[in-house]
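Working notes for the structure below.
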Amino acid sequence: MRPAKHWLDGEFFETEWPRDRPFQVVGFGLNAVDWICRLPAFPEHGSKSRIDSLEQLGGGQVATAMALCARYGLRARYVGRVGDDEIGAFSLETLRAEAMDLSGVQVIAGAVSQYAVILVDPSGERTILWDRDPKLDYRSRGGSGGLDRTGAAAAPGRTGRGAGDHAGRLATRHSGTGRSRGPAGVCRGERRGSPRWSGFGRGRVSFSAPARPPG
């Protein structure tokens with residue numbers, strides 16, 4: 001008997017989400033901790049300005065996308081790296097609050113987890129100040145950095161998603177593993193026009209929330 005359709009079928013990528021695999025979507029790439037700083041006005045150069053509010057949140061393109069998919073009822077897996085610092089502990093705490101598999105998350109000793117300070121003016125425009133420790137890059141540990149293992153684990157999912165310079169490059173390199181099982185590959189990067197994003201799966205698609213929540 002053919003499994004009943006998921007309500008998200010056709011919402012993303014015009015595809016049906018599989019029912020017979022451990023994960024329906026696997027994301028490989030960035031997680032981060034964001035400090036959202038809301039300002040009464042964007043400060044002038046060399047000035048001093050009081051802020052309206054400061055909020056600490058979990059972020060990162062891929063981690064956020066996987067959390068969204070999990071909230072909409074998909075079986076999601078996230079693969080990425082954090083440092084063994086307080087920022088990484090907070091990032092792991094926010095990830096664990098979501099109903100997704102984190103067995104592919106690595107804690108890198110001596111690394112500073114990725115973070116950003118995001119300045120938001122009254123119009124909603126953002127200015128992002130960020131940093132990422134090179135120790136978190138997969139190429140820093142012998143090329144694939146264990147992606148043979150995590151990439152193989154990604155194959156049972158329907159959609160793979162990569163973001164970040166090195167994550168995107170490695171996701172592109174290993175996307176054939178997933179395509180041989182039939183998933184649609186998706187790679188999203190902050191920098192447009194880079195050839196490393198071309199040819200990954202079926203194109204470059206950004207995640208967005210569908211109009212209706214699960215009923």
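Do you know which of the residues in the range 88-139 that are polar (S, T, N, Q) and closer than 22 Å to A67 by Cβ is surrounded by the fewest Cβ atoms within 10 Å (Cβ to Cβ)?
If we take residues in the range 88-139 being polar (S, T, N, Q) and closer than 22 Å to A67 by Cβ, then S103 is surrounded by the fewest Cβ atoms within 10 Å (Cβ to Cβ).
For the range 79-107, give me the residue count where each residue is in contact with a helix residue (DSSP H, G or I) (Cβ under 8 Å, 6 or more places away or on another chain), assigned to a loop (DSSP other than H, G, I, E, B) and small (G, A, S).
1
Of the residues that sit in the range 23-78 and are among the aliphatic types (A, V, I, L, M) and assigned to a loop (DSSP other than H, G, I, E, B), which one is modelled with the lowest pLDDT?
L74
Report, ordered by the first and then the second residue, all pairs with beta carbons closer than 6 Å, sequence separation of six or more or different chains, a first member in the range 38-54 that is within 17 Å of G124 (Cα to Cα), and a second member that is of a type in the set (S, T, Y).
Note: pairs meeting the criteria are R38/S53; P43/S49.
Under 29 Å from R19 (Cα atoms) and surrounded by fewer than 16 Cβ atoms within 10 Å (Cβ to Cβ), is that true of G73?
Taking the combined requirement at face value, the residue satisfies it.
Determine whether V62 is closer than 21 Å to F28 by Cβ and in contact (Cβ under 8 Å) with a residue 12 or more places away in the chain.
Taking the combined requirement at face value, the residue satisfies it.
From the set of residues in the range 40-65 that are acidic (D, E) and within 30 Å of the chain's Cα centre (by Cα), which is farthest from S113 (Cα to Cα)?
This residue is D52.
Count, please, the residues in the range 33-51 that happen to be touching a Ser or Thr at 6+ places or on another chain (Cβ under 7 Å) and buried (at least 19 other Cβ atoms within 10 Å of the Cβ).
The qualifying residues number 1.
So is R169 within 15 Å of the chain's Cα centre (by Cα), more than 30 Å from C37 (Cα to Cα), modelled with pLDDT under 95 and not small (G, A, S) or not?
Spelling it out, R169 is indeed within 15 Å of the chain's Cα centre (by Cα), more than 30 Å from C37 (Cα to Cα), modelled with pLDDT under 95 and not small (G, A, S).
The values are calculated or read from the model by the stated rules, or taken from the named source; none is laboratory data. Bear in mind that the values here come from a model prediction, so they are computed numbers and not experimental data. In this analysis, Cβ positions are derived from the backbone assuming ideal geometry, glycine residues included, and neighbour counts consider all displayed protein chains.
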